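The values are calculated or read from the model by the stated rules, or taken from the named source; none is laboratory data. What you see is a predicted model, and the numbers here were worked out from it, not measured in a lab. Cβ coordinates were reconstructed from backbone atoms using ideal geometry, including for glycine residues, and neighbour counts include every protein chain displayed. Accessible surface is based on the protein model in full, side chains and every heavy atom, while ligands, DNA and RNA are left aside. Shrake-Rupley method; radii C 1.70, N 1.55, O 1.52, S 1.80 Å.
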Amino acid sequence: MDCIFCKILAGEIPSTKVYEDEMILAFRDINPEAKVHVLVIPKIHIPSMDAVTAENSAYVTHIFEKIPMIAKEAGATGGYRVISNCGADAAQSVPHLHFHILGGQQLPTHIV
Ligand code: 5GP
Ligand code: ZN
């Protein structure tokens with residue numbers, strides 16, 4: 001499949017891993033927008049938040065169970081922001097569900 005994040009999962013594209021288990025991978029964003037910028041992805045191809053269903057939502061639950069630990073492990077000790085862009089208006093650029101963890105610094109009050 002021609003998906004950058006599936007290629008990262010397959011080890012075909014290198015990434016800087018922060019955390020991995022049987023369901024999810026967390027790695028540093030290649031173009032960080034904050035001092036800490038980590039992406040957390042499921043180890044199955046879910047195109048976006050729009051494609052979350054009762055059959056695959058356990059991956060999303062697992063991601064959210066692990067985010068506090070991943071954020072602190074990555075260095076976001078003073079707090080963090082979690083974002084998932086879905087679709088064109090949100091400027092989603094990689095069509096594999098992912099959650100941005102941003103922190104390690106004071107973030108702007110407004111997202112938009
Ligand atoms: P989106 O815009 O879809 O919400 O976020 C996609 C993110 O993936 C962007 O922040 C972008 O910098 C990151 N990204 C794109 N390609 C790669 C890659 O090959 N490696 C890593 N580590 N991050 C990537
Ligand atoms: Zn994928």
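Residues checked against (1) at pLDDT 95 or above; (2) away from ligand 1 (no atom under 11 Å from the Cβ); (3) assigned to a helix (DSSP H, G or I):
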| site | (1), (2), (3) |
| --- | --- |
| LYS7 | yes, no, yes |
| ILE13 | yes, no, no |
| ILE46 | yes, yes, no |
| THR53 | yes, yes, no |
| ILE63 | yes, yes, yes |
| ASN85 | yes, no, no |
| SER93 | yes, no, no |
Checklist line | All positions within segment 53-78 that are over 12 Å from ILE41 (Cα atoms) and touching a Leu at 6+ places or on another chain (Cβ under 8 Å) | finding: ALA76
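Give segment 58-82 a look and list any residue that's open to solvent by 40 Å² or more (accessible area, probe 1.4 Å) and not charged (D, E, K, R), or say none.
ALA58, TYR59, THR61, PHE64, PRO68, MET69, THR77, GLY78, TYR80, VAL82
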Note to self: Looking at segment 42-55, can you tell me whether even one residue there is surrounded by 14 or more Cβ atoms within 10 Å (Cβ to Cβ) and more than 11 Å from HIS96 (Cβ to Cβ)?
What the structure shows: yes
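Could you please let me know if SER84 is of a type in the set (Ser, Thr, Tyr) and in contact (Cβ under 8 Å) with a residue 12 or more places away in the chain?
Yes.
Give the residue that is least open to solvent (accessible area, probe 1.4 Å), with candidates limited to residues of segment 87-103 that are away from ligand 2 (no atom under 15 Å from the Cβ) and closer than 17 Å to PHE5 by Cβ. Show your work before the answer.
To start, the set of residues in segment 87-103 that are away from ligand 2 (no atom under 15 Å from the Cβ) comprises 87-91, 100-103.
Next, from what is left, pick out any that are closer than 17 Å to PHE5 by Cβ: 87, 90-91, 100-101.
Numbers: GLY87: 28, ALA90: 40, ALA91: 71, HIS100: 28, ILE101: 1 Å².
My answer is ILE101.
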Next item on the list: Identify all residues within segment 21-44 that are in a strand (DSSP E or B), near ligand 1 (Cβ under 10 Å from one of its atoms) and over 10 Å from PHE5 (Cβ atoms); write none if there are none.
Entry: ARG28, HIS37, VAL38
